[in-house]
Protein chains: 2
Amino acid sequence: LQKRQLNAPAPRRRGVSVVVRAEGGINPEIRKNEDKVVDSVVVSELSKPLTAYCRCWRSGAFPLCDGSHAKHNKATGDNVGPLLVKK
Amino acid sequence: LQKRQLNAPAPRRRGVSVVVRAEGGINPEIRKNEDKVVDSVVVSELSKPLTAYCRCWRSGAFPLCDGSHAKHNKATGDNVGPLLVKK
Ligand code: FES
Ligand code: FES
C-alpha cells in the first residue's frame, strides 16, 4: 500500500454517497430572521366566518393557510393541516 | 481480486456510516391515524382572553401549545412558535 501524500484528499469511495441535512427543523424558510415566529389573531377583527391558519410552515400566505399542506403531505407522507378559527 | 460468492453480503466499508431517514415530515406522532390533522376553534367558546395554539407538532396538549416549541427550537436550531388567539 502506498502512503498518501500529506494534505492529499482522501480517495473517493465509489458507490457511497452521504447526504448530510440539518435534522428535525420544521420551518425551512419563514421569517428566519426571527428567534421565534409567533402570530396573533384578534378575533374581534376577523372578517370572515372561517379563517384557516397554517401549521405546516409551507404557506405562501403565512400565517394564513393557502393549501400548501396538501403538497407537503403528498411529498413526505405527512398528515398536517390547518387550524380553523370560526366566528 | 477474489470474486464474491453469489448472495454473499457486500463487504463492510470501514469508517462509512449512512443514516437514512424519511425526509421532510414535520409531525412525528400526533394523530397519525388521521389523513390530515385539522382542528377548529370556535371563538365564542373561548374562555380565556388569550389561547396559544401549537404549530410545532410537539405539544403534549395539541392542538394547544404547551411550550414544547422551546425544546424543539433549541434541539434543532428552528424558530417556530404558536398562534395566539385573542378575544
Ligand atoms: S398551507 Fe400550511 S396548513 Fe395549510
Ligand atoms: S408547543 Fe408547539 S408551538 Fe408551542
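Hey, among B:VAL41, B:VAL16, B:VAL20, which residue is over 17 Å from the mean Cα position of the chain (by Cα), modelled with pLDDT under 95 and either more than 25 Å from A:LYS32 (Cα to Cα) or not in a strand (DSSP E or B) (or both)? Can you show your working first?
Numbers: B:VAL41 fails: modelled with pLDDT under 95; B:VAL20 fails: over 17 Å from the mean Cα position of the chain (by Cα).
Going through B:VAL41, B:VAL16, B:VAL20 in turn, just one is over 17 Å from the mean Cα position of the chain (by Cα), modelled with pLDDT under 95 and either more than 25 Å from A:LYS32 (Cα to Cα) or not in a strand (DSSP E or B) (or both): B:VAL16.
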Selected residue [touching a Phe, Trp or Tyr at 6+ places or on another chain (Cβ under 9 Å) and away from ligand 1 (no atom under 16 Å from the Cβ)] from B:GLU45, B:GLU29: B:GLU29
Members of segment B:28-54 that are aliphatic (A, V, I, L, M) and more than 7 Å from chain A (Cβ to nearest Cβ): B:ILE30, B:LEU46, B:LEU50, B:ALA52
Unmet requirement for B:GLY67, which otherwise passes all of (1) more than 9 Å from chain A (Cβ to nearest Cβ); (2) outside any loop (DSSP other than H, G, I, E, B): (2)
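The values are calculated or read from the model by the stated rules, or taken from the named source; none is laboratory data. Quantities reported herein were computed from a predicted structural model and do not represent experimental measurements. All Cβ positions, glycine included, derive from the backbone under ideal geometry; neighbour counts span all protein chains shown.
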